[in-house]
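The values are calculated or read from the model by the stated rules, or taken from the named source; none is laboratory data. The structure presented is a predicted model; accordingly, all values stated were derived computationally and were not measured. So basically every Cβ, Gly included, is an ideal-geometry build from the backbone, and we count neighbours across all protein chains shown.
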Amino acid sequence: MLLHQQFVRTAKKHSAKLAVIDKTTGKSVTYSRALIGALILSSKFKKYDRGFIGIMIPTSAGAALANVGALMSGRIPVMINYSTGAEANARYAQKKCKFKTIITSKALLEKINCPLIEGMVLIEDIMASVSTGDKLKAALMTKLPVGIILNSVHGGNENDTAAILFTSGSEKDPKAVQLSHRNLISNIESFSNYVHISESDILLANLVFYHIFGLTVNLWVVFYHGMTMVSYANPLDFQTISNIARTEKPTIMVGTPSFFWGYLNKSEPGDYKSLRLMVAGADKCPDTLRDGFMKKHGVTLLEGYGATETSPVISVNSLEFNRPGSTGKVIPNVTVRIEHLETGELCKTGEVGKIMVKGDLVMKGYYEDPQMTSEVLVDGWYNTGDMGYFDADGYLWHAGRFKRFAKVGGEMISLVKVENVLEKLLPEGVSCCVVEIPDEKKGSYIVASVSAEVHKTEILRKMMNELPSIALPREFVVISELPMMSTGKIDFRTTTKMVQEIMNKSGFAG
């Protein structure tokens with residue numbers, strides 16, 4: 001089975017049902033019209049080079065149908081991040097994957113002040129070129145039996161690449177992750193079965209499609225099951241999204257903790273009460289955020305864990321099996337093992353080690369990067385680069401990126417654990433990021449960057465109750481706006497650089 005073929009079946013089955021309620025444009029599209037739109041885009045895309053086609057359009061009905069249309073035309077969507085350095089990201093994608101055409105939007109380019117670069121094609125121009133004949137032909141095609149429509153669009157194989165996404169680049173240059181139809185469909189099916197997603201659900205889709213969480217859950221889960229997507233292009237418009245939740249009454253919403261903080265702070269009590277499934281991922285979910293949603297909206301905020309390379313969901317808490325603080329139980333048809341960092345042996349219950357994942361959800365590899373692929377993928381096991389452990393009841397606990405462990409005085413210190421302790425002691429509204437600063441003479445030490453001045457002595461005294469002295473921050477640095485990535489995660493690489501610069505200027509020598 002292929003994603004775009006499943007979309008055809010879904011659209012035929014639910015022709016009169018709303019596929020997308022687009023809150024950015026104010027337009028709603030039924031599955032019947034969505035199928036017409038996808039077929040039209042497919043025929044327009046056929047005049048561009050075969051192979052990869054860039055897509056750089058904000059979350060909307062247009063972005064969703066451009067993805068479907070690309071696959072129907074036999075092109076592979078390369079999802080481009082437009083929120084941080086759109087021009088550089090577009091050129092990087094073209095060079096890395098050796099393609100030219102990028103479907104984008106004039107409105108977006110104007111909004112983000114990005115020039116029209118060679119190879120860019122505006123979706124507005126494509127839509128303006130659609131003739132009455134094009135519409136009639138596509139409309140007539142949708143009236144035909146499913147088998148005939150499927151024969152008219154690109155076929156292919158479930159191991160064909162369905163999307164290229166770039167890793168966040170929080171640690172090094174972004175890698176081009178190849179995800180196949182099999183990868184995405186296996187993840188959709190396993191995740192959906194585990195948390196009981198069905199065609200009657202309404203999903204509030206406000207995550208960007210160039211992030212795997214958005215592409216899989218906000219776009220393909222919807223079209224796979226025949227749900228209704230309520231889309232809005234800007235996840236940072238906290239007030240508007242809270243209003244949309246109140247009026248459209250979605251049943252499912254996923255996001256990052258930093259976005260959920262915004263929705264919690266800007267919402268009125270009960271705005272999100274229609275949600276039966278609210279899942280936070282991509283970063284750790286603080287207890288205070290969970291408590292806030294329960295108190296204000298009566299909704300249980302669940303935490304999950306995944307990676308771009310795993311399509312993304314690896315584990316998730318559900319309403320039946322929820323252990324706050326953990327990332328839940330591993331979803332069906334996925335195998336996770338925790339390996340000892342040095343010996344590679346299986347870790348005991350409660351012992352922290354490398355999180356290794358196997359199953360149909362694991363990517364094909366990094367595009368044209370066999371060396372990086374072989375470093376993370378051995379015998380079907382994907383090394384997530386994360387550390388974690390299983391408790392006695394089979395819940396997976398995330399202990400942080402391997403890169404977010406610091407070796408201080410010969411001990412491995414989890415910077416995430418230090419952050420978790422610190423977060424509980426910070427005044428409301430103050431965020432933090434704990435980093436390691438290397439010092440060749442005296443050895444590495446830990447620095448806490450905080451978004452506002454805090455009472456350091458008092459906080460350190462309280463931290464000593466939960467952490468060994470070797471794990472305590474040696475210095476606190478104020479960075480009023482901690483750098484964020486477009487996915488809502490704190491950008492550790494940039495934060496570390498900023499802290500290093502501040503430390504060098506202040507002459508702090510450990």
Determine which member of the set S28, S32 is assigned to a helix (DSSP H, G or I), among the hydroxyl-bearing types (S, T, Y) and touching a helix residue (DSSP H, G or I) at 6+ places or on another chain (Cβ under 9 Å). S32
Is one or more of the residues making up the range 154-165 farther than 29 Å from V362 by Cα, touching a helix residue (DSSP H, G or I) at 6+ places or on another chain (Cβ under 7 Å), assigned by TED's automatic domain parsing to the domain that holds G54 and small (G, A, S)? no
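Pick out, from the range 397-476, the strands (runs of 3 or more DSSP E) lying fully within it that include 1 or more residues that are among the small types (G, A, S).
405-408, 411-414, 445-450
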If I go through the range 412-423 residue by residue, how many of them are under 24 Å from the mean Cα position of the chain (by Cα) and not charged (D, E, K, R)? 4
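Let's see how each residue does on (1) more than 26 Å from the chain's Cα centre (by Cα); (2) in contact (Cβ under 8 Å) with a residue 60 or more places away in the chain:
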position	(1), (2)
L425	yes, no
I437	yes, yes
S444	yes, no
K456	yes, no
A471	yes, yes
I479	no, no
P483	no, no
Please work out if G26 is in the same structural domain as K137 (by TED's automatic domain parsing), surrounded by fewer than 22 Cβ atoms within 10 Å (Cβ to Cβ) and within 21 Å of the chain's Cα centre (by Cα). no
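Do we have T384 as among the hydroxyl-bearing types (S, T, Y), surrounded by 19 or more Cβ atoms within 10 Å (Cβ to Cβ) and either within 25 Å of the chain's Cα centre (by Cα) or farther than 24 Å from K497 by Cβ (or both) here? First the steps, then the outcome.
Details: among the hydroxyl-bearing types (S, T, Y): yes; surrounded by 19 or more Cβ atoms within 10 Å (Cβ to Cβ): yes; either within 25 Å of the chain's Cα centre (by Cα) or farther than 24 Å from K497 by Cβ (or both): yes.
Yes, satisfied.
With respect to T251, determine if the residue is in contact with a strand residue (DSSP E or B) (Cβ under 7 Å, 6 or more places away or on another chain), over 18 Å from I57 (Cα atoms) and surrounded by fewer than 22 Cβ atoms within 10 Å (Cβ to Cβ).
Details: in contact with a strand residue (DSSP E or B) (Cβ under 7 Å, 6 or more places away or on another chain): yes; over 18 Å from I57 (Cα atoms): yes; surrounded by fewer than 22 Cβ atoms within 10 Å (Cβ to Cβ): yes.
Judged against the criteria, T251 is a match.
The rows are residues; the columns are (1) over 30 Å from G380 (Cα atoms); (2) outside the structural domain of L426 (by TED's automatic domain parsing); (3) among the polar types (S, T, N, Q).
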{"site": "M294", "(1), (2), (3)": "yes, yes, no"}
{"site": "G306", "(1), (2), (3)": "no, yes, no"}
{"site": "S311", "(1), (2), (3)": "no, yes, yes"}
{"site": "S315", "(1), (2), (3)": "no, yes, yes"}
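Do we find that G51 is under 21 Å from R182 (Cα atoms) and of a type outside the set (A, V, I, L, M) in this structure?
Numbers: under 21 Å from R182 (Cα atoms): yes; of a type outside the set (A, V, I, L, M): yes.
Against the criterion (under 21 Å from R182 (Cα atoms) and of a type outside the set (A, V, I, L, M)), G51 qualifies.
Here is a check on your reading of the model: is T373 farther than 27 Å from S180 by Cβ and among the hydroxyl-bearing types (S, T, Y)? Break it down into steps so the answer makes sense when it comes.
Values: farther than 27 Å from S180 by Cβ: no; among the hydroxyl-bearing types (S, T, Y): yes.
It is false that T373 is farther than 27 Å from S180 by Cβ and among the hydroxyl-bearing types (S, T, Y).
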Would you check if there is a residue in the range 198-215 being part of a helix (DSSP H, G or I), of a type in the set (S, T, Y) and farther than 20 Å from A66 by Cα? no
Under 7 Å by Cβ, and 6 or more places apart or on different chains, what pairs join a residue from the range 82-96 that is without any contact (Cβ under 8 Å) to a residue 40 or more places away in the chain with one that is surrounded by fewer than 18 Cβ atoms within 10 Å (Cβ to Cβ)? A86/I112; E87/P115; E87/I117; A90/I117; R91/I117
